[in-house]
1. Looking at the range 29-44, can you tell me whether even one residue there is under 30 Å from T145 (Cα atoms) and modelled with pLDDT of 70 or more?
2. Looking at Y146, is it within 24 Å of S107 (Cβ to Cβ) and surrounded by 11 or more Cβ atoms within 10 Å (Cβ to Cβ)?
3. Tell me which strands (runs of 3 or more DSSP E) are completely within the range 75-175 and hold 1 or more residues being of a type in the set (G, A, S) and modelled with pLDDT of 85 or more, or say none if there are none.
4. If you check every pair at least six apart or on different chains, which have Cβ atoms under 6 Å apart with a residue in the range 142-170 that is within 13 Å of Q122 (Cα to Cα) first and a residue that is surrounded by fewer than 17 Cβ atoms within 10 Å (Cβ to Cβ) and among the aliphatic types (A, V, I, L, M) second?
5. Tell me whether the range 108-120 contains one or more residues that are within 20 Å of D71 (Cα to Cα), assigned by TED's automatic domain parsing to the domain that holds K85, small (G, A, S) and in contact with a Phe, Trp or Tyr (Cβ under 6 Å, 6 or more places away or on another chain).
6. Please specify each residue of the range 106-134 satisfying the condition of being without any contact (Cβ under 8 Å) to a residue 40 or more places away in the chain, within 23 Å of the chain's Cα centre (by Cα) and surrounded by 12 or more Cβ atoms within 10 Å (Cβ to Cβ).
Amino acid sequence: MAKSTAAVISALALCIGLLAGVILMSSQVEKYKEQKRQAEIALEKIRRETQFVIDKQNSVKRAFSKEEAGDPHRRFGFEVLYCRKRIREEAYGDVGLYIVSEIRNVSSKPLQAELQKIVRDQKGLLVIEDICYVPSSTNLVPGETYAFTSIVSASEIRGYRPDDLTVDIIILNSSMRY
């Protein structure tokens with residue numbers, strides 16, 4: 001009888017130990033679930049507050065907060081005054097494009113602009129995107145304008161009629177060049 005009582009006590013102690021382990025594990029699981037929920041809330045907040053510029057391979061080029069997003073033609077201390085396309089005749093009858101644009105520094109400090117050149121087809125689908133820095137070697141002082149031309153070669157728009165393409169220049173960022 002003493003042997004069976006000892007076996008029962010041993011089994012009971014084992015059950016109590018297992019129950020304590022389950023309770024401890026349960027509290028850790030609850031803590032993990034709470035941490036995961038907090039991370040999901042933070043991620044959703046970032047998703048709501050962010051706008052992405054996406055290239056034609058669907059990779060993110062630059063993310064903007066809602067405050068930065070605004071009008072893509074007037075932000076980060078610059079404004080795009082105009083953006084037009086001109087047909088560019090190349091050798092052997094090929095036709096490319098010139099993107100003719102002008103920007104102005106509307107901030108109170110000398111800056112350089114990071115711009116995105118965008119070419120779309122009639123359906124609004126992205127054909128070409130490219131990033132450039134204007135001007136490339138200096139800063140624009142406040143109030144100064146800068147006109148520039150960007151070339152889109154015939155090979156980049158092969159399969160599209162130039163008349164069916166639209167062009168745009170948007171401001172991605174600005175920085176001070178030293």
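The values are calculated or read from the model by the stated rules, or taken from the named source; none is laboratory data. Just so it is clear, the structure is predicted and the values come from calculations on it, not from any experiment. Backbone-built Cβ (ideal geometry, glycine too); neighbour counts: all protein chains shown.
1. Scanning the range 29-44, I find no residue that is under 30 Å from T145 (Cα atoms) and modelled with pLDDT of 70 or more, so the answer is no.
2. Yes, satisfied.
3. By residue number, 95-105, 112-120, 145-152.
4. Final answer for the pair search is P162/I87; P162/V95.
5. Scanning the range 108-120, I find at least one residue that is within 20 Å of D71 (Cα to Cα), assigned by TED's automatic domain parsing to the domain that holds K85, small (G, A, S) and in contact with a Phe, Trp or Tyr (Cβ under 6 Å, 6 or more places away or on another chain), so the answer is yes.
6. D130, C132, Y133, V134, listed by residue number.
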